[in-house]
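See structure below.
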Amino acid sequence: MEYKILHKGAYPLVEVNLGRGERLKAESGAMVAMSNTIDVDGKMEGGLMAGLGRLLAGEKFFFQTLNASRGDGTVLLAPSSTGDIVDITLDGSHGMCVQKDGFLAGQEGIEVSTNMQNLAKGIFSGEGFFILKISGKGHLFLNSFGAIHELNLQPGEEMIVDNSHLVAWADYMDYTIEKASKGWISSFTSGEGLVCKFRGPGKVYIQSRNPGSFGTWLKPYIPMPSGK
């Protein structure tokens, strides 16, 4: 499988060239265009419980499966949100934990499941009790709201990340949920509230925009129905 990311920035596309018989899985609705040699099918990968787990993690119930069943072909994919796309190659030695709406597509050897966080992390991380767990071998494509920035933490290095700016992190990394400031009042009046502290080694992918903050900024510009 060969690929390239086109128009990097706010409105990118992933162009994937599939050989005859090769398959690609993507989030439902990601296909923009494809060769007539490719079949697209909606599948509930992993069965009913796996599909329900993805729903709880904020993802869609079904995946698209794109199969070059009639010969070589090209697929163009795009995320639903405005933001960047990053490609990650997994060699099977570790997986990635991914926030809701972060998975775009992956090779056939990529497995997508859900992982339940402990009670404290589920309540306070802002990501809920379930997050996506990506494992296996192959190319993985993640998308974000805004630009994606990679933090490559060295052994023992710590980095504090606002929960709403998280995209993904290596699954072997440990992290804790903490107040942004020393006191609860200053934590929330600062606009940060609770944050995640990661400890290296490992990679953390963050997004440059916060969906919640963008929604708050946009709200005054949305016309309200008369009488409300």
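When you scan the range 6-19, how many residues do you find that are under 19 Å from residue 35 (Cβ atoms) and either surrounded by 12 or more Cβ atoms within 10 Å (Cβ to Cβ) or at pLDDT below 95 (or both)?
Final tally of qualifying residues: 7.
Any idea which of 136, 71 is among the small types (Gly, Ala, Ser), assigned to a strand (DSSP E or B) and at pLDDT 85 or above?
Exactly one of 136, 71 is among the small types (Gly, Ala, Ser), assigned to a strand (DSSP E or B) and at pLDDT 85 or above, namely 136.
Being modelled with pLDDT under 90 and either assigned to a helix (DSSP H, G or I) or touching an Asp or Glu at 6+ places or on another chain (Cβ under 8 Å) (or both) is the filter here, so list the residues in the range 157-183 that pass it.
Across the range 157-183, the qualifying residues are 162, 163, 164, 180, 181.
What's the total number of residues in the range 74-93 that are farther than 19 Å from residue 109 by Cα and not in a strand (DSSP E or B)?
6
Taking the range 7-32, which residues are without any contact (Cβ under 8 Å) to a residue 60 or more places away in the chain, among the aliphatic types (A, V, I, L, M) and more than 9 Å from residue 77 (Cα to Cα)?
Listed by number, the list holds a single entry, 18.
If you check residue 52 against the conditions, is it at pLDDT 90 or above, surrounded by fewer than 16 Cβ atoms within 10 Å (Cβ to Cβ) and out of contact with any Cys (no Cβ under 9 Å at 6 or more places or on another chain)?
The answer is no for residue 52.
The values are calculated or read from the model by the stated rules, or taken from the named source; none is laboratory data. Please read these numbers as outputs of a predicted model, since none were measured by experiment. Here Cβ is always computed from backbone atoms with ideal geometry, including for glycine, and neighbour counts include all displayed protein chains.
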